[in-house]
Amino acid sequence: MGDTYESVTVDIKDHVAQVTLVGPGKGNAMGPAFWAEMPEVFAKLDADRDVRVIVLTGSGKNFSYGLDLMAMGGTLSGVMSDGATARPRAELHATILRMQGAINAVADCRTPTIASVHGWCIGGGVDLISAVDMRYASADAKFSVREVKIAIVADVGSLARLPLILSDGHLRELALTGKDIDAARAEKIGLVNDVFEDAEASLAAAHATAAEIAANPPLVVSGVKDVLDQQRIARVSESLRYVAVWNSAFLPSKDLGERITATFEKRPPNFTGE
C-alpha cells in the first residue's frame, strides 16, 4: 500500500493483509498514534478489493499492554481538578468517542478479521480483539480486562462487545475483578477459538483460516459478515454512547488520581470511592 504508520505495519499477500501492532509504546501500548491511525488503516484496507481478509497481531513478545496511560495522561488532566467545569468534560466526551471510533473501525470493517494473540493482551488490547471476527492465541497468551484496577470503566468496546462473545457470568468475573487469565482459560470460556503452541503457530493458523476465507466468493463473504453484524449494531452503539456519557461524568475521580500516583510511586493504590 505504500503507507507508513507509527503504530502498525501493513503487509498484503495473496488477498490477506497482516496488520501488526508496533507501539511505539512498550508492549505495543496504544498511544496517540494508534487512536489516530486505526480508522485510516482499516478504511483503506476495507476499500482495497484485493484484500479479502485481515489478520491482526502484535510485534515482539506481546500483543498489547493496552492504553498507554502515560502518553495519554494529558487527555485527563483538564478534568482531574476539583470542580472541573462543562468544557473539559465535553472535551473528554469527544475524546472517548474518537477513541471508540478507532476500535469501531475494526468492528465495522466489511472485511473479515482474525486476531492472533501472544503474550499480554491487556485492557485496550481486549477492546481491540473484541472487535474482530475470530481470535486465536498462543499458549503463553494472557488476557485481562484490566480497566477496573486502574479506576476506569472500560469505554472503547470491551463492555459493549464481550457480551456477544462470552456468557454473562464469565464476562462479569473478568470485568469486575480485572484478573489475568491464561490462554487455556480464555479458550474454555470462548474468548478465543483455539490455542496453539507458540506465537508462530498461532499466526500460521490465523493465516490458514484467512486463506480458507479468501478462497470463498468475496461478495458472499462480506454478505455473511454483514448479516451477522446487523444483529448487534444497535446494541453495541447504544452501549458505547452510554458509557461515553457515563465516563464524562464519573471517570475523573480521586481513585483514578490515586491509581496514577501509586503507579509512579511503585506502591499499591488505596481506593476510597471518592
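The values are calculated or read from the model by the stated rules, or taken from the named source; none is laboratory data. Predicted, not measured: the structure shown is a model, and the values here were computed from it. Cβ coordinates were reconstructed from backbone atoms using ideal geometry, including for glycine residues, and neighbour counts include every protein chain displayed. Heavy atoms of the whole protein, side chains included, go into the accessibility calculation; ligands, DNA and RNA do not. Shrake-Rupley method; radii C 1.70, N 1.55, O 1.52, S 1.80 Å.
Annotation: the chain has a Kirkwood hydrodynamic radius of 19.1 angstrom, from the mean reciprocal C-alpha pair distance. Available extension along the chain between residue 182 and residue 258 is 24.5 nm, counting 0.36 nm per residue and deducting the alpha carbon span.
Using a simple spin-label model with pseudo-atoms 7 Å out from Cα toward Cβ, residue 234 and residue 267 lie 5.2 nm apart.
What part of the accessible area of the chain, given as a whole %, is carbon or sulfur when the probe is 1.4 angstrom? With neighbouring chains kept in place, the figure for the chain is 55 percent. Extension gain, residue 200 to residue 274: 0.36 nm times the residue separation minus the Cα-Cα distance gives 22.1 nm. Once the Cα atoms are used to define both axes, helix 233-250 deviates from the longest principal axis of the chain by about 20 degrees.
For the peptides 116-124, 153-161, the ranking by packing is 116-124, 153-161, with the highest mean count of neighbouring Cβ atoms within 10 Å listed first. Summed over the residues of the stretch 41-97 and divided among them, the accessible surface reaches 50 Å² per residue at a probe radius of 1.4 Å.
Take the Cα of residue 50, go 7 Å toward its beta carbon, and the backbone nitrogen atoms of the stretch 15-41 under 16 Å from that spot belong to 15-19. Rounded to the nearest 10 degrees, the angle from helix 199-214 to the longest Cα principal axis of the chain is 60 degrees.
Stretched out straight at 0.36 nm per residue, the stretch from residue 3 to residue 61 would grow longer than its current Cα-Cα span by 18.4 nm. Model label points for residue 167 and residue 91, set 7 angstrom from Cα along the Cα-to-Cβ axis, are 4.6 nm apart. From most to least packed by mean Cβ count within 10 Å, the peptides 106-114, 169-177, 224-232 give 106-114, 169-177, 224-232. Only lysines eight or more places from residue 44 in sequence, or on another chain, were considered; those with a Cα closer than 19 Å are 13, 225. Counting only DSSP H runs of at least 4 residues, each contributing -39500 (n - 2.57), and dividing by the residue count of the chain, the helix-based mean residue ellipticity at 222 nm comes to -14500 deg cm²/dmol. A straight line joining the Cα centroids of the stretch 165-184 and the stretch 89-110 runs 23 Å.
Over every Cα atom in the stretch 1-140, the radius of gyration and the widest Cα-Cα span, Dmax, amount to 15.8, 56 Å.
For a paramagnetic label modelled on residue 81 (point 7 Å from Cα along Cα→Cβ), amide N atoms under 17 Å away belong, within the stretch 244-274, to 252-254, 257.
Under the convention that each Lys and Arg Cβ holds +1 and each Asp and Glu Cβ holds -1, the size of the dipole of the chain around its Cα centre is about 600 debye.
Rounded to the nearest 10 degrees, the angle from helix 168-177 to the longest Cα principal axis of the chain is 50 degrees.
What the stretch 199-274 shows is 65 Å² of accessible area per residue, with the surface traced by a 1.4 Å probe over protein heavy atoms.
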